[in-house]
Amino acid sequence: MPRHRREPGDAGGGDYFPYAASALAGAVVCLALTITSGGREAIDTAAYFPLGVPLMAAAIFVISYVFPLRAWRWTLSMAAGQLVAMLLAGSSLNLWPLAIIAMLVYSTPQFLAGLAGSRLGRRKATSRAR
């Protein structure tokens, strides 16, 4: 039986760092915004879109650059980290279906940053292999 060859940046085989890093980045940004706003949900703060989203997109870009294969997973991990942060901050789950839809829409910049980082990371890996 052929063995699965691990590609550079592949997070398979027990390498959970990109999952943990992206989830932690999402949680830290959301908790920081919640704390600095006096307890309001991060998404309800004035700094979420001009500060929080670019910080999270930059984190996803770097993680996707280093781990370019199937980089969409890192954005989903970040969304999970944001959800954990919201629960830790005392958010209720009464509007969770709407929150999931909103999170998907609000995560578009992170998905795009992940796509760009992944493409650059693959390009660099390909040029190194030559």
Legend entry - Hey, A102 among the aliphatic types (A, V, I, L, M) and modelled with pLDDT of 95 or more or not: no
Legend entry - Single condition A58 does not satisfy, out of (1) surrounded by 14 or more Cβ atoms within 10 Å (Cβ to Cβ); (2) over 30 Å from T126 (Cβ atoms); (3) at pLDDT 85 or above: (2)
Inset, instruction - Of the numbered conditions (1) touching a Leu at 6+ places or on another chain (Cβ under 6 Å); (2) farther than 20 Å from P18 by Cβ, A85 fails exactly one; give the number of that condition. - result: (2)
Inset, instruction - Would you check if there is a residue in the stretch 14-24 being surrounded by fewer than 19 Cβ atoms within 10 Å (Cβ to Cβ) and at pLDDT below 85? - result: yes
Inset, instruction - Output the number of the condition that L33 fails; it satisfies all remaining conditions of (1) among the hydrophobic types (A, V, I, L, M, F, W, C); (2) more than 13 Å from the chain's Cα centre (by Cα); (3) loosely packed, with under 15 Cβ neighbours inside 10 Å. - result: (3)
Inset, instruction - Hey, can you tell me all the residues within the stretch 36-55 that are at pLDDT 90 or above and either surrounded by 15 or more Cβ atoms within 10 Å (Cβ to Cβ) or of a type in the set (K, R) (or both)? - result: S37, T45, A47, Y48, L51, G52, V53, L55
Inset, instruction - Quick one: in the stretch 76-99, of everything that is surrounded by 12 or more Cβ atoms within 10 Å (Cβ to Cβ) and among the polar types (S, T, N, Q), which residue is modelled with the lowest pLDDT? - result: S91
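The values are calculated or read from the model by the stated rules, or taken from the named source; none is laboratory data. The model shown is predicted, which means the values in this text are computed figures rather than measured ones. For neighbour counting, all protein chains shown are included, and Cβ atoms are generated from backbone atoms with ideal geometry for every residue, glycine included.
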